[in-house]
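See structure below.
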Amino acid sequence: MKINPALVTTPLSLLFRVWTRLIRYRDNQEWKAISKAHKEGRPVVVALWHNELVGVAGYGYRSGDNYTVMVSQSRDGEIIARMVERLGLTVCRGSSSRGGLKALLRMSREVERHGRIGVFTVDGPRGPRHEVKDGVVFMGQRSNALVFPVRALPAKKIVFNKSWDKFEMPVPLARCRIRVGTPLVISSEKLKDDVLAKERERIRIALERLE
């Protein structure tokens, strides 16, 4: 059965607000590095795993910073895009397989000209799980952005084991740590295959270290 995105957008955005309000985020000094760089006018990109999207997005939304989010052009992506826009954020539609270049160019404009923080689920939209794609590397280089690796580490969580990424939902009232790593600057070298592979691996390692 096909779901009409228009019918579920409002309930889902309301659920997101309520659910993430009930997460007990620990006071996080590390996130201040993102806000500080943003306020100083530096282009900023947040890099996270797809399965930790709700935990990170909930904290980011409550921080009050201005974001632009990369969302795929799939049917599921349409629902997510409408929900994100309902929350007052900007959406760039595209993925590694559909509309990626156009979306990257738009996100670059949003980050550079309009001062928004770019948000990438670096292994999305369909995986493989925890395998960094090229998009965040292209974006980081084009915008000369600081790429901040970010993770959500809830004390208790619901895990959807049948999903490709083992998607996680922090349990309401449970504590959740948000970890922010040292920002990465993407190489200025031409992005040939070997350079891309090296930069993807740097981002993967930076995320994995945030345990």
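The values are calculated or read from the model by the stated rules, or taken from the named source; none is laboratory data. Computed from a predicted model, the values in this text were never measured in an experiment. When we count neighbours, we look across all protein chains shown, and the Cβ atoms used for this are built from the backbone with ideal geometry, even at glycine.
Considered as a group, the residues in region 120-153 that are of a type in the set (Phe, Trp, Tyr) and under 14 Å from the mean Cα position of the chain (by Cα) include one that is surrounded by the most Cβ atoms within 10 Å (Cβ to Cβ), and that residue is PHE120. No other residue among GLU85, GLU30, GLU78, GLU52 is touching an Asp or Glu at 6+ places or on another chain (Cβ under 8 Å), among the acidic types (Asp, Glu) and closer than 24 Å to VAL111 by Cα apart from GLU52. Going through region 23-69 one residue at a time, which ones are of a type in the set (A, V, I, L, M) and closer than 20 Å to PHE160 by Cα? Hits for region 23-69 are ILE23, LEU48, LEU53, VAL54, VAL56, ALA57. Taking PRO128, is it touching a residue at least 12 places away in the same chain (Cβ under 8 Å) and either at positive phi or in contact with a Pro (Cβ under 6 Å, 6 or more places away or on another chain) (or both)? Against the criterion (touching a residue at least 12 places away in the same chain (Cβ under 8 Å) and either at positive phi or in contact with a Pro (Cβ under 6 Å, 6 or more places away or on another chain) (or both)), PRO128 does not qualify. One residue alone among GLY64, GLY100 is free of Cβ contacts under 8 Å to residues at least 24 places away in the same chain, over 15 Å from the mean Cα position of the chain (by Cα) and closer than 25 Å to THR9 by Cβ, and that residue is GLY64.
In region 1-94, counting only helices (runs of 4 or more DSSP H) that sit wholly within it, the ones holding 2 or more residues that are among the aliphatic types (A, V, I, L, M) and modelled with pLDDT under 85 span 5-21, 75-86.
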